[in-house]
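To start, the structure itself, in structure tokens.
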Amino acid sequence: MVMDTGLGCTQRYLAYYNAVLACLPSETVHVLPLIGLDPEFQGQKMGQDLS
């Protein structure tokens, strides 16, 4: 992930993901770790707006 998105983005993602995990009510809850965008919408910072 670091090679594709850079160190700063990876660190922000890991901080976000750990914050989400800390809010889960129990271990029986599962979250999707990543969200992908259709290539038509990539490069428009839409994924950044979701985080």
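Throughout, read-outs are computed from the coordinates displayed, never taken from laboratory work. Everything numeric here is computed off the predicted structure, so don't read it as measured data. As a convention, Cβ positions derive from the backbone with ideal geometry for all residues, glycine included, and neighbour counts pool all protein chains shown.
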Search the stretch 21-37 for residues that are farther than 20 Å from residue 49 by Cβ and pair each with any residue that is assigned to a loop (DSSP other than H, G, I, E, B) when their beta-carbon atoms are under 8 Å apart and the residues are at least 6 apart or on different chains. 21/31; 24/31
What do you reckon, is residue 17 surrounded by 11 or more Cβ atoms within 10 Å (Cβ to Cβ) and either in contact with a Ser or Thr (Cβ under 9 Å, 6 or more places away or on another chain) or not in a helix (DSSP H, G or I) (or both)? no
